[in-house]
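> I have a structure here, written as structure tokens, and I will follow up with some questions on it.
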Amino acid sequence: MKMFLRILSAERLKLSGSYIWLLVLASPAAAVLIGLYASSPAGGKPDWTILLSVMSTLHALLFLPVLSGLYTAMLCRHEHLDGGWKALLALPVSRTAVYLAKFTMAAVLLAATQALFIAAVIGTGLIRGIGTPVPWGLFLGTCAASWTACLPLAALQLAVSQAWSSFAAPLALNVSFTLPNVLIANSATYGPYYPWVQPMLAMIPHGQADYGAFNLPLESLLIVVLGSFALFLAAGLLSFRRKAV
Amino acid sequence: MGRILAADWLKIRGKGLWLLILVGPLGLTAMQALNFGLRFDYMKRRYAGDLWGGLLDNTALFVPMALFLGGTLVCSLMANIEHQTSAWKQLLALPVSRIAVFASKLMLCLLLLAVSCLLLSGFVTALGLLFGFGASAIPVYGILRIGFLSCAAVMPFIALQLWLSLAFRNQAMPVSIGVICAIVSPFTATLSEWLPINWPYLAWTGPHRLYFAGAGLALALLVLLPGAAHFARKDVN
């Protein structure tokens, strides 16, 4: 455990100076721009639920899946340069701990993105003059659910990023699976089983939209998310433990 | 120049670039195959007057995104060949002019994109024929336009990405910028048409599409000049 924490703090140090915080800011910033011009379907000022769904469209549909790929690619970048894997794994550390520390960092970065996104939604709502009370339960619940739905994607991307030395190649995979989201989110048949669209499905307040795959029970979501998470993390971990550096 | 291009041609083998060039148009076509295939009767009724036009319009929605993304990845993967192995020093120590090196990377990038656009036209035609839209009604100009005009309008972005990818050893920055541009691009369509990020889509739709394609090419030249100048003068380490 102590080793894990020390690797984790080393990972944090390696990220300093990588301008990764700009990426953390990007999606909430874009969401604020969208939120400032949002209106309710009837016209006029949106309420909190509508504001959340409007602002989360770009954020959860495209940014979250892509960011899970970008973060993991950045976490592996240092090691791919100049024989960093050799230098790191020659130290008395277990490979499992290294891998899990990298994954934890990715999860923390995604959580930070989500926290900033909640702040962005609330800030936008206050600027637009949407009255209190702020529905904290709704915000925290949806953001936590979509964060959970991002974990399988981060696990897959970490597996790919540690295997491929190029920065762009894992992202090519990531984005080519993310773009079909635009279509798949509207499909009630395929939406529930496509891991990349789950952050979006988890983010939309339940019972709000009556089309597409947006009205899923939380249980079926969890089965897809947890199943793909276990699969991707185990596959990545196994391949990392056996990887020749 | 020809020999540098030939060398670059050899260097991109086995780097996944050709795969990317194939997968991009294939993926776009597969998305439309699903889009139409899953609700064929509805789509056929909706576009009853112009089946080919409906297919092309639906495809064109995703072409700008794919071009932004593909351009970013092609530039980055190509620049990464030298970055990864620190081969810039060796390459530029040879008796070749730096402008020629830059130009050959640019030519290769354009060539790959052109192949990709051509493949897209081919795949979309095949899909339309498969759906039985009729060979006599094929809108040849529209099918060629779908990739190539948007590609012309995306050139400023490609020039910028090539510059950034060649300038920074850390590919995280150019790739992040490219990917973010790609996923934001569908959401900026309502903003001003002066924004270059909207040009690839405007080069498909609207009355002034040739203007946007032309403006793209002109702006690309403007971006290329500082890019090439920077590459010609930059320190190599």
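> Could you state the angle between the C-alpha long axis of helix A:218-242 and the longest principal axis of the C-alpha atoms of chain A, as a value from 0 to 90 degrees rounded to the nearest 10?
20
> A further question follows. Please work out how much length the chain gains when fully extended from B:Arg169 to B:Leu195, using 0.36 nm per residue of separation minus the C-alpha to C-alpha distance, in nm with one decimal.
Stretched fully, the B:Arg169-B:Leu195 segment lengthens by 6.5 nm.
> I'd like the projected area of region B:31-187, averaged over all directions, using the convex hull of its alpha carbons. Report it in nm² with one decimal.
Convex hull of Cα atoms, orientation-averaged projection: 10.9 nm².
> Pop the C-beta distance of A:Ala230 and A:Asp47 into the FRET formula with R0 = 45 Å and round what comes out to the nearest 0.05.
Once the sixth-power term is evaluated, E becomes 0.75.
> Here's something else I'd like to know. Which shape class, rounded, prolate or oblate, goes with the protein assembly as shown when its Cα gyration tensor gives a ≥ b ≥ c as root eigenvalues, a/c under 1.5 marks rounded, and past that a/b bigger than b/c marks prolate?
oblate
> Using the membrane-span-like helix rule (whole DSSP H runs, Cα extent along the own axis of at least 24 Å, mean Kyte-Doolittle hydropathy at least 1.0), which helices of chain B qualify?
Helices passing the filter in chain B: B:17-38, B:63-84, B:98-130, B:209-233.
> Sticking with this one: If you take each beta carbon of peptide A:178-185 and count the beta carbons of other chains within 10 angstrom, what is the mean?
Going residue by residue through A:178-185 and averaging, the value is 5.
> In Å², what does the accessible area per residue of region B:2-233 work out to with a 1.4 Å probe?
With the other protein chains kept in place, region B:2-233 gives 45 Å² per residue.
> Another question about this same structure. If R₀ is 41 angstrom, what is the calculated FRET efficiency for the pair A:Leu81 and B:Ala48, using the beta carbon separation as r and rounding to 0.05?
Computed FRET efficiency for A:Leu81 and B:Ala48 comes out at 0.15.
> With a Förster radius of 22 Å, plug the Cβ-Cβ distance of B:Ala229 and B:Arg3 into 1/(1 + (r/R0)^6) and report the FRET value to the nearest 0.05.
The value I calculate is 0.40.
> Over region A:21-109, give the accessible area per residue in Å² for a 1.4 Å probe, as an integer.
With all protein chains present, region A:21-109 gives 36 Å² per residue.
> For region B:18-87 and region B:177-200, what is the separation of their Cα centres, given in Å?
Distance between centres, Cα-based: 17 Å.
> How large is the accessible surface of B:His230 in square angstrom, using a 1.4 angstrom probe and rounding to the nearest 10?
Near enough 80 Å² of accessible area.
> Anything over 18 Å Cα to Cα? Flag those among A:Lys86/B:Lys11; A:Lys2/A:Lys102; B:Lys11/B:Lys105, in the order listed.
Result: A:Lys86/B:Lys11 exceed 18 Å.
> At a 1.4 Å probe radius, carbon and sulfur cover how many percent of the accessible area of the protein assembly as shown?
70
> Per-residue counts of other Cβ atoms within 10 Å, averaged by peptide: what ranking do you get for A:159-172, B:124-137, highest first?
Final packing ranking: A:159-172, B:124-137.
> Let me ask something else. Kindly identify residues of region B:17-62 having a loss of at least 50 Å² in accessible area between the isolated chain and the assembly of all protein chains, probe radius 1.4 Å.
B:Met31, B:Phe62
> Comparing the chain by itself with all protein chains present, which residues of region B:139-188 are at least 10 Å² less accessible (probe 1.4 Å)?
Listed by number, the residues meeting the 10 Å² cut-off are B:Arg169, B:Asn170, B:Gln171, B:Ala172, B:Val175, B:Ser176, B:Val179, B:Ile180, B:Ile183, B:Val184, B:Phe187.
> Here is a follow-up. Short version: ³J(HN,Hα) in whole Hz for each residue of region A:158-166, in order, from phi by Karplus 6.51 cos²θ - 1.76 cosθ + 1.60 (θ = phi - 60°), x for Gly and Pro, what are they?
Per residue, the Karplus-derived 3J(HN,Hα) values read 5, 4, 6, 5, 6, 7, 9, 7, 7 Hz.
> Can you return the aspartates and glutamates within cross-link range of B:Lys89? Criterion is Cα-Cα under 20 Å, with same-chain partners fewer than 8 residues away left out.
The qualifying aspartates and glutamates are A:Asp82, B:Asp8, B:Asp235.
> Let me ask something else about it. Counting protein heavy atoms only and a 1.4 angstrom probe, how many square angstrom of accessible surface do chains B and A bury in total, to the nearest 100?
The B and A chains share an interface burying roughly 2200 Å².
> Helix-derived [θ] at 222 nm for chain B: sum -39500 (n - 2.57) over DSSP H runs of at least 4, divide by residue count, nearest 500?
Result for chain B, helices only: -24500 deg cm²/dmol.
> May I pose another question? Go ahead and collect, in residue order, the members of region A:1-19 whose backbone nitrogen is under 13 Å from a label point 7 Å along the Cα-Cβ direction of A:Val93.
A:2-15
The values are calculated or read from the model by the stated rules, or taken from the named source; none is laboratory data. Computed from a predicted structure; not experimentally measured. As a convention, Cβ positions derive from the backbone with ideal geometry for all residues, glycine included, and neighbour counts pool all protein chains shown. Just so you know, the surface numbers come from the protein's heavy atoms only, side chains and all, with ligands and any DNA or RNA stripped out. Shrake-Rupley method; radii C 1.70, N 1.55, O 1.52, S 1.80 Å.
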